Amino acid sequence: MMKASPTIVWFRQDLRLDDHPALQAAMKRGGGSGGGGSVIPVFIWAPEEEGSWPPGEASKVWLHGSLRSLDADLRKIGSRLIIQRGPTLATLRSLIKKTNADALLWSRRYEPSAIARDADIKKSLKDHGIEAESFNAGLLFEPFEIRTKEDKPYLVFTPFWKASLKRAERAEPGEPLPRPALGKLKAPEAWPPSLSVDDLQLMPTIEWAGGIQEAWTPGERGATIQLDRLIENVLGEYDESRNRPDQAGTSRLSPHLHFGELSPRRIWHAVHEHVGKLKSKTHAGPERFMAEIGWREFAHHLLFHFPHTPEEPLRPQFAAFPWEDNPGALLAWQRGRTGYPLVDAGLRELWHTGWMHNRVRMVVSSFLVKHLLLPWQEGAKWFWDTLVDADLANNTLGWQWIAGCGADAAPYFRIFNPVTQGEKFDPQGNYVRKWVPELARLPDSLIHRPWEAPMLALREAGVELGSEGDGSYPLPIVDHADARKRALAALEATKAR
């Protein structure tokens, strides 16, 4: 009897064993633990193939932990992760030759550079008689499946999500696929050579990643913990709690979703199962959370149909917007030294943990593009490098939304007041006190507006305003009222062109 050939499963942003269509297809093809072919899990590090958006520093820290976790999970069931460096196509060809594999299976990605690369790989391998097939593992629906009645992509979220939910009524996302059990992922007779995770040198040479490692557990286990926390402790009040940075009211699933440590299909069924057990007829929390999953779907829908948007505005008239060039203001924003406590708290949380609360992201982003008139692309680059959940689709949609130049965008004249936002969503100042400790002893009434504090109150709180010394806090680098007028004038100038 002729021996069955191995199948290579190419892992990318699908670093999990649960609900993994490509892995399940490889197991069926290989005959499981019986007489079929073996399955060889592979990860290839080729950041130079990611176009203008290779993984940022925070993403590399996360990837380091996630790859370790995936390899450990594979070894528990009798397999392992083969790690190699690119170029991807040449590396895959070499692996196919060394292992006599006759098939390559993988999960789809939707970034422009990944789509082009995958198409080239699929054609090249098929031309040489190798089976090459991709699967949807990262979205509820493919970006090309949801279309308007005119057969065009959606540009507004609400009708997009309504159309998605109607599609789900006709064909609900299927039940998540099970994790492979011990011995079900057949190992090859000899494993091909592999690098270690450490060989990829993903961790920074200068130690700054400690805060990320303290705040997160990359990998499928960490994702499962966060999903359980969401269902048990967060979901019921999510509609309100998601706006409070001083509370643990968000899902904290975004990095796990980006790296594919958890599938949206698993989330979909977990939330719907939870809702089915609720006695209450009002489901505001679960519905709001699922709308956030829908926003992620919308982001990928837009990136797929408008691949130029990571660098250029979707609304072409904004290409003429009179952005300013002010490196000093950009640096103050990046360092969390703007003089507005909520803005600075968010940017310091980002630097320390690789993440920022979503409500604060909106305020921080609005401050950059409207108070400082700095290009949204500068903010997108900073977030890309410092966020552990840096995702090209989400990052692009979020920045174009806040800058008023994208799909379903907030109007540019909607300018967040960082003081009133802080007082509304961090009313006791606990979020600011955590991340801007030099203001911690100010009373609640002054912590979001320290420049209005009487000298006695500043002295009693040990706050020194306006200097660059240790423990001091800067005065606002721009006046809110003046900045608002300037932003609106810039908008009018853009309309006049």
Might you check whether a residue that is charged (D, E, K, R) and not in a helix (DSSP H, G or I) occurs anywhere in segment 20-43?
no
Positions within segment 465-497 being acidic (Asp, Glu) and modelled with pLDDT under 95, in sequence order
GLU468, ASP470, GLU492
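Can you go through GLU220, GLU273 and tell me which one is modelled with pLDDT under 95 and out of contact with any Pro (no Cβ under 9 Å at 6 or more places or on another chain)?
Values: GLU220 fails: modelled with pLDDT under 95.
Matching residue, one of GLU220, GLU273: GLU273.
Yes/no matrix, rows are residues, columns are (1) crowded, with 16+ Cβ neighbours inside 10 Å; (2) without any contact (Cβ under 8 Å) to a residue 40 or more places away in the chain:
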site: GLY56; (1), (2): yes, no
site: SER66; (1), (2): yes, no
site: ARG75; (1), (2): no, yes
site: ILE83; (1), (2): yes, no
site: LEU89; (1), (2): yes, yes
site: LEU95; (1), (2): yes, no
site: LYS98; (1), (2): no, no
site: ARG109; (1), (2): yes, no
With respect to the numbered conditions (1) in a loop (DSSP other than H, G, I, E, B); (2) of a type in the set (Phe, Trp, Tyr); (3) over 19 Å from ILE83 (Cα atoms); (4) modelled with pLDDT of 95 or more, which one is the sole condition not fulfilled by PHE160?
(1)
Sole residue being outside the structural domain of GLU261 (by TED's automatic domain parsing), touching a residue at least 40 places away in the same chain (Cβ under 8 Å) and not basic (Lys, Arg), chosen from ALA114, ALA132
ALA114
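Looking at this structure, is ALA25 farther than 19 Å from GLN84 by Cβ, surrounded by fewer than 21 Cβ atoms within 10 Å (Cβ to Cβ), at pLDDT 95 or above and assigned by TED's automatic domain parsing to the domain that holds GLU111? Full working, then the answer.
Values: farther than 19 Å from GLN84 by Cβ: yes; surrounded by fewer than 21 Cβ atoms within 10 Å (Cβ to Cβ): yes; at pLDDT 95 or above: yes; assigned by TED's automatic domain parsing to the domain that holds GLU111: yes.
Yes.
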If you go through GLY346, GLY336, GLY354, the only one that is assigned by TED's automatic domain parsing to the domain that holds ASP426, over 15 Å from VAL478 (Cα atoms), in contact with a Lys or Arg (Cβ under 9 Å, 6 or more places away or on another chain) and at pLDDT 95 or above is GLY346
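The values are calculated or read from the model by the stated rules, or taken from the named source; none is laboratory data. Because the structure is a prediction, the values reported are computed rather than measured. Cβ: placed from backbone, ideal geometry, glycine included. Neighbour counts: every protein chain shown.
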